[in-house]
1. For the stretch 190-272, what is the Kirkwood estimate of the hydrodynamic radius, computed as the reciprocal of the mean inverse distance between distinct Cα atoms, to one decimal in Å?
2. Return the distance in nm (one decimal) between the two label points of a simple spin-label model at N183 and A290, each offset 7 Å from Cα along Cα→Cβ.
3. Please enumerate, by chain and number, the aspartates and glutamates with C-alpha under 18 Å from the C-alpha of K972, excluding those fewer than 8 residues away in the same chain.
4. Can you tell me how the stretch 486-598 classifies by the Cα gyration tensor, rounded, prolate or oblate, using a/c under 1.5 as the rounded cut?
5. Express in nm, to one decimal, how much length is gained between V436 and D298 on full extension, taking 0.36 nm for each residue of separation and deducting their alpha carbon distance.
6. If you stretched the chain out fully between T738 and D70, how much longer would it get, using 0.36 nm times the residue separation minus the C-alpha to C-alpha distance?
7. Would you mind giving the three semi-axes, in whole Å and largest first, of the ellipsoid equivalent to the stretch 556-640 according to its Cα gyration tensor?
8. Using the basic label-point model (7 angstrom from Cα toward the beta carbon), what is the Q852 to A768 distance in nanometres?
Amino acid sequence: MLKYASLVTTLVYFAFMASASAELVVHLGFDEGTGSIVTNNGRSGGLNNGVLGSTTVFAPGKLGSGLMFDNTSASVVEAGPTPVVGSQARTASVWVNTSGGTGLDSLFTFGITANGQKFDIDVDNDNGGHIELGVGGGRTDFSGVTPAVNDGGWHMVTVVVPDVAGPTLENVDFYVDGTFAYNGSLSGATREVVTSPEGSLALGRCANNAACQPLQGTLDDVAIWNTALSAAEISILYQVGNSAAAIDAGGFQELLDVHVAGAGFAIVNNTRWDFATGLTGPLGLNGSGANLNIVLDDVANTGLSTTGVTFPEGDVNLDGAVTTADFDIIAGNFHNSVTGRSDGDLNSDGVVDFTDFRIWKSAAGNIGAAVQSVPEPATMLLLVAGAVVATGRFRRLHGASCLVLVSLMMTGTADRCQAQFPVIFQPAGDEGNWSVGTNWDGNLVPDGLFDEYAVLNSKLAIVDSVIAAGPGEVQIGNTGGAVGRLEIRNGGALDVVVGTPGITDGILRAGLNGGVGMVTILDGGTLSAETINIQGNITNPVVGITPSTLSLSGTGSINSRADTTLNSFTQISGKSVTFNVGGNLNLGGASELKHQVEDGTPSVISVAGIANLGGVLNVDFGGTSPTGGSSWTLFDAAEVTNGFSDIVVAGGTQPGQRYGMTTIAGGTNGKLGQLTLDSVLVLEVNRETNAVRIMNPVGDAVNFDGYSILSPSGSLNPAAWTSLDDQNVSDWTEANGTATALNELKPTSSSAIANGAALNLGGAYQPAAPAEFGVDLSDLAFEYSLPSGEVIQGDISYVGNNYNNLVLTIDPTTGSAQLKNQSGFEIAVEAYQVSSGSGSLSPTGWSSLDDQGVASWAEANPSSNRVTELRAVGTETFASGTAFELGNLFTVGGTQDLELQFLLGGEDQLRTGVVHYGAIGTATLPGDYNRNGVVDAADYTVWKDNFGSNSALDADGNDNGVIDAADYTIWKDNFGNTLSVAAVASVPEPNTCGWLFAGLLGLVARLRRVRG
């Protein structure tokens, strides 16, 4: 009976495993070529991005760019947490080029330095240059049969652990250049291979020690699968990488996915590969020239085939040409999250953005070959039907596995089936009730008793009653591109319970592996779990996708019995929320905690252990006006450590107010983490007049006995400084005033600045002329001392609209907007966008450059949160002082949270401009200093009569606060222009107008957008 039960369990388990294709967890291709970060394109996403050591450099690799290591600890690459642990099968592969040296060179590793807890792939230079695997207390015995890989050439090294029941060194298979080399045997006392989830993935060293076994050589195409690739698949991986096709592990995975699906195509290196049957030849890459086949199954004669059809890099719609039709798709989906190239995602990062625009624009005009046929609709219907049937089979197998598990528990052999079982939430509509069995695949509500875990990756699961049998784990949005949602309503209660320890540990995970998880607990709802881990994309969000969120409101309650990690967006609304953490609370550096305070009383987060703060604190007082000296308790913990990187309060603060965090003794757990509001003095700096003054805009009178104004760049003018000493204020004495520091001290008693009072210090601000566009020379700092001896860092408030940048001026009373180059430099603009997190933009009031008929500009998917324009042909020249009126872009009464970004010609990174709120002057023409609508000799007279002035600024064409030679240049360059043509700053040369005219008319007609 026991043998029969074990056999059934084994059959069911392997049928379950066979239903999923291999998953590429880590893929580091190193094709960035520059920078300090290498991107992981595998399933684990940004968790395994690599950070280069100080001496690591990009170098020619096997498949594009590689990484060169110099045999020092300074060239180690750290690439996030251990990717595959426990009894999971795994395949690890890498291309290496090394000439060797002495001792062991580690290619890459994960885990920790302990018996059975690390996975080192090493080259043994002292014994023939063979490959070894080390696990901390054991190491493979090469037996003299492994080919040498330290001969100065490129070799693909692959290590496979096929045993899912507990891998040891005896059953590890080694491959060199796609060919099986040997099965590892034991030369140490420990047989296990990485059962710990601790440690990290690292390249160029052994586990957890940067100085251990450093590598001398170059690596390329590091890949880790969470399954055991077959010998045939490894052979094919080597063949396609070592051929003219140059397909890396990521491309190979795309081919595998198409083969597993049994239909479709993949575009790898801009070449189309179609699923094919009836192929001939051995397993692997066959054929020559443009006609190639990759045979993946020599029994069924299936694989992929290509006739060399290629697509230009900017071809979105796969019609073989880069045209404005591709641009239309990009503009129409701009900032949207999409699923593929046909939606405009040319770099396969899941979103259409400026990078895709740049790829298209760079490739515009290149013509490729015609596109091969796509599957007929009838074929697609058959595929869908097959997928449904396959899914049904899988769930019935899962149901059988649950029955087998019950029988095993009754016979005392439950330990033989150590695995989790996923139950996927898939109601017919967009949402469904958790407690309804038919909303789950297999008609089974997940139950932790059977080590089942809930998977929410696309639909909204609603909990509005007490769930009697909780799952052993909940995964919400834990795959790339997935958006899962859980909502617990009034009367609803969900408890994530511990099933089999080490298998299902009562964890709620959300937003891992590049996905998004949304957890909402409404008034009267309760969520309990052993551990909570929510990750998100706060610092680098995917445009159009909300970061992972944990939201509590009303009397909503959350209870984490152990640790809680929040590295996403958390919102607590009201004063009656219950949030208890039985262990430690970790707010990650990428987190944002938003506290909505009701009646001045926030809900307190209770932490039995340490509250480790980080990220951003965002506080909304609901329209009330906090007063200086107030404090609010946010945390009650045993200890409160670190702090927030930024504290943001809705509505902002007045100059002279500053929020901070402090910790005092008290509360249930011993320490209270409190938000405080303090008053500080302000140094006001006028960018236009250069005047500075010390103010006390709010709060009680401040007594101080010393101050310093500091500028590392030397932007101060001691000669124009009217000090308190100069003004004969009692006992104040100048102290070594220079261009970098203006200081005054009062040796006796102190002076007071009353609320609303100010001390004028003359025109002491004198920034140097910027050497290039966009450089901000505003580097002032202000500090002052109290009679107690405490030194306070005061606030700096810049006034006056004068910037060395592209400036968007918004008149909040009318909503009108103006885009102006306030620098003294000419710039070439290729795109711009204005964003508002609160939705304070008015697309219908916006008068875009497209609307104004400025050639080649096109709107790109405008909304109340973002308006964008792209210049499809060339760039727009913004001379110094050039301005464009943009209509009523701002919604009157909206939140003043606008952000301006723009792209200069030839650059890949967006620059950030300046948003200024205030009145907009009458539209002017560069060089028109008497404002009569024409640049003529009279304007020269205005410039000449005021040369050198910093007060009469009618001829200040570049807005730098002084009439100088640069203003003459602006007049000269614009001589003869009139206001009617001023907005169009760049005009094609006469000999190009004829052939461009017809094309531009057609382009503009296609790119115009109709807005409601």
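Read the figures in this text as sums done on the coordinates, not as results from a lab. From a predicted model like this one, the values you see are computed outputs, not experimental measurements. Cβ coordinates were reconstructed from backbone atoms using ideal geometry, including for glycine residues, and neighbour counts include every protein chain displayed.
1. Values: mean 1/r = 0.0637 Å⁻¹.
Radius from the Kirkwood sum: 15.7 Å.
2. So the label points at N183 and A290 sit 4.7 nm apart.
3. E826, D928, D936, D939, D945, D954, D956, D959, D964
4. Values: a/c = 1.57, a/b = 1.06, b/c = 1.49.
Oblate shape, in that a/c is at least 1.5 and b/c is the bigger or equal ratio.
5. Details: separation 138, 0.36 × 138 = 49.68 nm, distance 4.47 nm.
Roughly 45.2 nm would be gained on extension.
6. Numbers: separation 668, 0.36 × 668 = 240.48 nm, distance 4.69 nm.
Length gained between T738 and D70: 235.8 nm.
7. Details: eigenvalues 93, 37, 30 Å².
Semi-axes (√(5λ), whole Å): 22, 14, 12.
8. Each label point lies 7 Å from its Cα, and together they span 3.5 nm.
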